[in-house]
Amino acid sequence: MYTGAVVDGVKRYQQRHGLHADGRLGAQTVKSLNTPLTARIRQLQLTLERWRWLPHSFPEPPVVINIPEFRLRAFDGEGLPALEMKVIVGKAIRHNTPVFADKMEYVVLRPYWNVPPSIQRSEIVPAVRKDANYIAKKGFEVTRHGGEPVTSGPVSAEVLEQLRTGKLAVRQKPGPTNSLGLVKLIFPNQNNVYLHSTPAQELFSQARRDFSHGCIRVEKPAELTAWALRNNPGWDLGRIRQAMTSGKDNQQVNLTRPIPVLILYGTAVADEAGAVRFFDDIYGFDASLEKVLNAGYPYPR
């Protein structure tokens, strides 16, 4: 009978494999259960290969995001997780979150969202073409590239044409409905990727969380900001919450000490208790790496 301890065992299995732990034998669970042991061993080998590429010491405790796991860990000075949370990463089709390392340098409380040119062309301009009041309804404003506001009301045909050609930009005003939420944590990089909060908290209840355009949305933004600013005198969790809800718009706070940020891709993880967890190869990076390794030396750079 599929009851009791068997159901509990399936729930634990689902939790370890990045599935919704409901105990139901759905298609994804059955597929995972039928994965050969050799495939799991290969996941461990490929993750260890990537681990070999990483630095093993840091000037400050790092924050680490594992893309297939949809999880962030901020570490303490002993190398143990001081803070953990769910994250939302880039969509598997066309919007992959890149794998790289950098240093977090500052946070911005109640930020503007400067709409990327690609989203402006593909989403904002068509929406404004259908509804001239779209900008006002969504809390956006049209600006010059230096940040000077042009309009936050109805968009004229002339302004629309300048938006279409990229002569003007669009940004979303700070506030609880802003797409970046109430804080963003910045590690300047050529990919224009950063950590930020989100008003769409319901998405964190999903087991698979690749919904963004490439940036990383965090489940506990205030707690992560407090951890990032722990060396900045006066910036405790209470002050951060107050600044997020009713503080100055677009307030930048520079970190006293830059924090290493690692965005990794590992489909197998062993936790501190020794339990091994496996995750789907959502971007196909394991498949690509296996193909390269199977070709043998000399490996391409």
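Any read-out appearing in this document is the output of simple, stated calculations on the displayed coordinates, not a laboratory observation. In this text, all values refer to a predicted model and were calculated from it rather than measured experimentally. No Cβ is skipped: glycine too gets one built from the backbone with ideal geometry, and neighbour counts run over all protein chains shown.
Restricting attention to the range 146-179, which trypsin sites (Lys or Arg not before Pro) occupy a DSSP loop and are surrounded by at most 13 other Cβ atoms within 10 Å?
Counting only loop positions with at most 13 other Cβ atoms within 10 Å, the trypsin sites (Lys or Arg not before Pro) in the range 146-179 are Lys167.
Translational diffusion of the range 221-289 was estimated from the Stokes-Einstein equation, with Rh taken as the Kirkwood radius over Cα pairs; at 4 °C and 1.567 mPa s the coefficient is 84 µm²/s. Applying the Karplus relation 6.51 cos²θ - 1.76 cosθ + 1.60 with θ = phi - 60° to the range 14-19 yields 3J(HN,Hα) values of 4, 4, 6, 10, x, 9 Hz, where x marks Gly and Pro.
Can you pull the semi-axes for the range 1-155, root of five times each eigenvalue of the Cα gyration tensor, sorted largest first, whole Å? Could you put the intermediate results ahead of the total?
Details: eigenvalues 335, 129, 50 Å².
After diagonalising the Cα gyration tensor, the semi-axes are 41, 25, 16 Å.
Highest mean packing first, where packing is the average number of other Cβ atoms within 10 Å per residue, the peptides 243-250, 194-201 line up as 194-201, 243-250.
Among the trypsin sites (Lys or Arg not before Pro) in the range 48-117, which ones are in a DSSP loop with at most 14 other Cβ atoms within 10 Å of the Cβ? Mind listing them?
Arg94
Scanning the chain for GluC sites (Glu not before Pro) that sit in a DSSP loop and have at most 15 other Cβ atoms within 10 Å, the longest stretch containing none of them is 79-271. P(r) for the chain, from all Cα pairs and a bin width of 20 Å, is 29, 52, 19, 0 %, short bins first. Across the range 180-278, counting alpha-carbon atoms alone, Rg and Dmax equal 15.3, 45 Å.
The chymotrypsin sites (Phe, Trp or Tyr not before Pro) of the range 6-76 that DSSP puts in a loop, and whose beta carbon has at most 10 other beta carbons within 10 Å, are Trp53.
By other beta-carbon atoms within 10 Å, ranking Leu37, Leu255 with the fewest at the front produces Leu37, Leu255. Which pairs break 32 Å Cα to Cα here: Lys31/Lys130; Lys86/Lys291; Lys31/Lys86; Lys11/Lys184? In this structure, Lys31/Lys130; Lys11/Lys184 lie more than 32 Å apart at Cα.
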